[in-house]
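The structure appears right after this line, and notes come after that.
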Amino acid sequence: AERYALLTQFQDAYTNAVRAEGLLPPGSSGWLQAQDMIAATKTALKK
């Protein structure tokens, strides 16, 4: 997801972050990172 965000491919970044969120244990550092990416890409997609 981070790679796609850096390439400004926000829809792909969002899709991968949501996938990661579903696979990672809630509250883990990776899960929190996915949550951050979801929030950031939602904002970017609205612009």
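Numbers at a glance
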| quantity | calculated |
| --- | --- |
| Condition check for Arg19: part of a helix (DSSP H, G or I) and modelled with pLDDT under 95 | no |
| Residue that is crowded, with 18+ Cβ neighbours inside 10 Å, without any contact (Cβ under 8 Å) to a residue 60 or more places away in the chain and of a type outside the set (Lys, Arg), where the choices are Ala34, Ala40, Ala44 | Ala34 |
| Subset of region 26-47 [outside any loop (DSSP other than H, G, I, E, B) and either under 16 Å from Thr8 (Cα atoms) or among the charged types (D, E, K, R) (or both)] | Asp36, Met37, Ile38, Ala39, Ala40, Thr41, Lys42, Thr43, Ala44, Leu45, Lys46 |
| Those residues of region 3-14 which are touching a residue at least 12 places away in the same chain (Cβ under 8 Å) and either in contact with a strand residue (DSSP E or B) (Cβ under 7 Å, 6 or more places away or on another chain) or surrounded by 14 or more Cβ atoms within 10 Å (Cβ to Cβ) (or both), in sequence order | Tyr4, Ala5, Phe10, Ala13, Tyr14 |
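The values are calculated or read from the model by the stated rules, or taken from the named source; none is laboratory data. No experiment lies behind these values; they were computed from the predicted model shown. Here Cβ is always computed from backbone atoms with ideal geometry, including for glycine, and neighbour counts include all displayed protein chains.
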